[in-house]
1. Taking the range 16-38 as the region of interest, how many residues are modelled with pLDDT of 95 or more and among the aromatic types (Phe, Trp, Tyr)?
2. Can you say whether VAL52 is modelled with pLDDT of 95 or more and in contact with a strand residue (DSSP E or B) (Cβ under 8 Å, 6 or more places away or on another chain), as far as the supplied structure shows?
3. Against the conditions (1) modelled with pLDDT of 90 or more; (2) within 25 Å of THR4 (Cβ to Cβ), where does ILE147 fall short? Just the number, please.
4. Just the residues that are open to solvent by 80 Å² or more (accessible area, probe 1.4 Å) and at pLDDT 95 or above, please, taken from the range 1-15.
5. Quick test of your reading of the structure: PHE84 fulfils all but one of (1) touching a helix residue (DSSP H, G or I) at 6+ places or on another chain (Cβ under 8 Å); (2) hydrophobic (A, V, I, L, M, F, W, C); (3) surrounded by fewer than 20 Cβ atoms within 10 Å (Cβ to Cβ). Name the failing condition by number.
6. Would you check which residues across the range 94-126 are under 17 Å from THR47 (Cα atoms), open to solvent by less than 30 Å² (accessible area, probe 1.4 Å) and part of a strand (DSSP E or B) and list them?
7. Confirm whether LEU142 is modelled with pLDDT under 95 and either open to solvent by 20 Å² or more (accessible area, probe 1.4 Å) or closer than 30 Å to SER28 by Cα (or both).
Amino acid sequence: MPETKPVMSFEIHADPHEITEMECPYGSISIIPFHAKLESDLFCGETLPGAVDVQQENAAGLRQMSARYAFRGRDFKGNACTLFIENEGWMKHTEKHSNVIHTFPLLLCDSPVIGSYLAERRFRGEVVNENGKTEIRIYDTLDESDIKN
């Protein structure tokens, strides 16, 4: 794969007092509101209200992570735009505290410059937990040399 560095990466910040958790014999759920700033070569912006990561674990120990959030900001040409990200991932209960969770992001952006590129299903993601910080990294799995031409 030609990917070497993420096309986007950002650290998320969650207030532990705003996290909702519930556990029962049939599974568990965690609802984690968060905030982030994104600064990349393609887009710079800040999350809009409502950014949330929902993690649901079933009785068999399969955990689904589903995060949905939007950034308001500017593309690399200076156009004001909004970037929506839906990031899905799955893991076994035994992998719950893994340092890296692999995800499948869907990106939508109303930028006339990067919107069509980001709408392509060519991205993969990682949620990286290190040193008490959570970073989201999004990689282009194809050649990205045509983006800024």
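1. The number of residues fulfilling the criteria is 1.
2. Judged against the criteria, VAL52 is a match.
3. Failing condition for ILE147: (1).
4. Answer for the range 1-15, where residues must be open to solvent by 80 Å² or more (accessible area, probe 1.4 Å) and at pLDDT 95 or above: just HIS13.
5. Answer for PHE84: the failing condition is (1).
6. Passing the criteria: PRO105, LEU107, CYS109.
7. Yes: the conditions hold for LEU142.
The values are calculated or read from the model by the stated rules, or taken from the named source; none is laboratory data. Bear in mind that the values here come from a model prediction, so they are computed numbers and not experimental data. Positions of Cβ are generated from backbone atoms using ideal geometry, with glycine treated the same way; all protein chains shown enter the neighbour counts. When the accessible area is computed, the model is the full protein with side chains, heavy atoms only, and any ligands, DNA or RNA have been set aside. Shrake-Rupley method; radii C 1.70, N 1.55, O 1.52, S 1.80 Å.
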